[in-house]
Amino acid sequence: MNFILKDIFYSKNFRFIIYISLGLSYMSFMATHAPLGISWLPFHAERVLNSVNHILNNSDFVKFGITSWLGLKDTLSNQIYAVQAHEYIHYSIIKIIVGEENFSKYGSYFDNFILIVLSGIATELNLIVLRVKNNYIPENLLAAFSFAIFLSLPFTYRMNLAPWQDVYCLLFLLWSYILFAKNKKIIALLLYLYSFLWNYHWGLFFGTTYFFIKIFSLISKRQESWKELFPPSYRGEKSSWLIIFASFFSPVVSVLQSFLLRLENYQLTNSSALFRVGIDSASNIHHGGWLAPYQFLGGVRLTLCLDNNLPTITSAIKNPLSENIFLLNCFSAILGMFILSILSIISYYFLSVNKNKFRWVLGPFAIVFLASCSVLQQSVAVHLQGRSIFFAFIFIVGIINFFISFPPLKKKSPLIPLFSSILVISFILNNIKVSYLTGPNG
């Protein structure tokens, strides 16, 4: 009996069974009960289909490694919304196999699966970072906590409806961290480089962060301190530059592609950098200053409580009393999410200060996310559903660290796993409630 319990609570093989079971159960539940389900929203399905059609029809600009969100007819006027073609190769294969009629359904299924995989990878890295001896909460129970919270977060749920490139970028980035930790230095570096080919913005921020860490180390009295912020095996004077060059590779490729497209007289409809920062013009009404990007801390915008047009919700509001009940509980759920987000940030901070061994994961990741929110103020505020997926990792690291480090939860009592499980269930239910409020634009 003890052997069976030990296998359940500590076996890595059993842990993957937990991931699959929880993942499929959650997806099935949300597909049935969430107002928007878990399938692609129409606007996203159109973008993906357009991008795939350009690849399959071998549009001229595909030779530059680019495809477009705009339809085939729009390219006749040389207008394109440029996105990386390699990001749609797997969708192209899916369309070839299932046909256009079933493409959106099976494409959605694939992205649902990717989010389950991402939740598993984030959890495995979380366990590596947080691993402590003599912890009374079994490792597989912590894994179940981490996985279930990550997958049920509003940031993650919205990626079922309109997956951003950030999902794949985060997946390969966290995977590379696991490989760095296991000293698989060559494949880890390649995977790290590849992750930013999915979103060059993150590559630019990571590269800039590591570059300035190196520069500041040269003028600092503690010149050795910079090494703990670089991945293992890349902490030498020369090898550390490989991390910086790998980070900048994707931005350089993107600049070269834009240059070649303009030489071919293509008109790019992508937003400019200043527009995404928010200072291109006074008419940029989507720029709300430094505070607006942090709306994601509540999971969804407060305006969804004041003006939610989802039929499932509006049909339940039949009189002023029911409207007040909805408003109270809507604000309560978002406030609960906000409090948990702040708690996770505080816990993450103390962990990064005290956990020297994994400061190379925690430090740069947090700095880069903060820099993204601070610089791309308009972009992060407007695209609440995309950028915030990176915060999901910060959230679970902080929350799970809370269960390990909070003094009342460190007692060796059989009640601690039970009490922790009750708290986690309450967090997950709050995540689902906030996810239900997600609007039709994702």
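Treating only the Cβ atoms of Lys and Arg (+1) and Asp and Glu (-1) as charged, compute the dipole magnitude of segment 2-436 about its Cα centre; round to the nearest 20 debye.
1640
State the answer as a single residue: which of Ser344, Pro320, Ser247 lies farthest towards the positive end of the charge dipole of segment 217-347, with beta carbon charges of +1 for Lys and Arg and -1 for Asp and Glu, about the Cα centre.
Highest projection toward the positive end goes to Ser247.
If we count GluC sites (Glu not before Pro) as exposed when they sit in a DSSP loop and have at most 12 other beta carbons within 10 Å, what is the longest stretch of the chain that avoids them all?
Excluding the exposed sites themselves, the longest stretch runs over 1-223.
Hey, fewest Cβ within 10 Å first, where do Val397, Val117, Val83 land in order? Mind showing how you got there, number by number?
Numbers: Val397 28, Val117 14, Val83 19.
Ascending number of Cβ neighbours within 10 Å: Val117, Val83, Val397.
Semi-axes of the equivalent ellipsoid for segment 2-436, please: Cα gyration tensor eigenvalues, times 5, square-rooted, ordered largest first, whole Å.
Calculated on Cα positions only, the semi-axes equal 34, 30, 22 Å.
Of the chain, which part is the longest with no trypsin sites (Lys or Arg not before Pro) in a loop (DSSP not H, G, I, E, B) and with at most 13 other C-beta atoms within 10 angstrom?
Here the longest segment lacking exposed loop sites spans 319-410.
I'd like the distance between the alpha-carbon centres of segment 330-384 and segment 286-329, rounded to an integer number of Å.
If we compute the Cα centre of each part, the gap is 23 Å.
How charged is the neighbourhood of Phe296? Take every other residue with its Cβ under 11 Å from the Cβ of Phe296, and add Lys/Arg as +1 and Asp/Glu as -1. Write down the numbers at each step before the final one.
Working: positive: Arg158, Arg301, Arg387; negative: none.
So the environment of Phe296 carries a net charge of +3.
Compare Ile178, Ile422, Ile285 in a GNM of the chain, Cα atoms joined below 10 Å, and give the one with the largest fluctuation.
Ranking Ile178, Ile422, Ile285 by mean-square fluctuation puts Ile285 first.
Taken together, the values in this text are just the output of simple stated rules run on the coordinates, not laboratory data. Predicted model only: the values in this text are computed from it and were never measured. Heads up, the Cβs are rebuilt from the backbone with ideal geometry, glycines too, and the neighbour counts pull from every protein chain shown.
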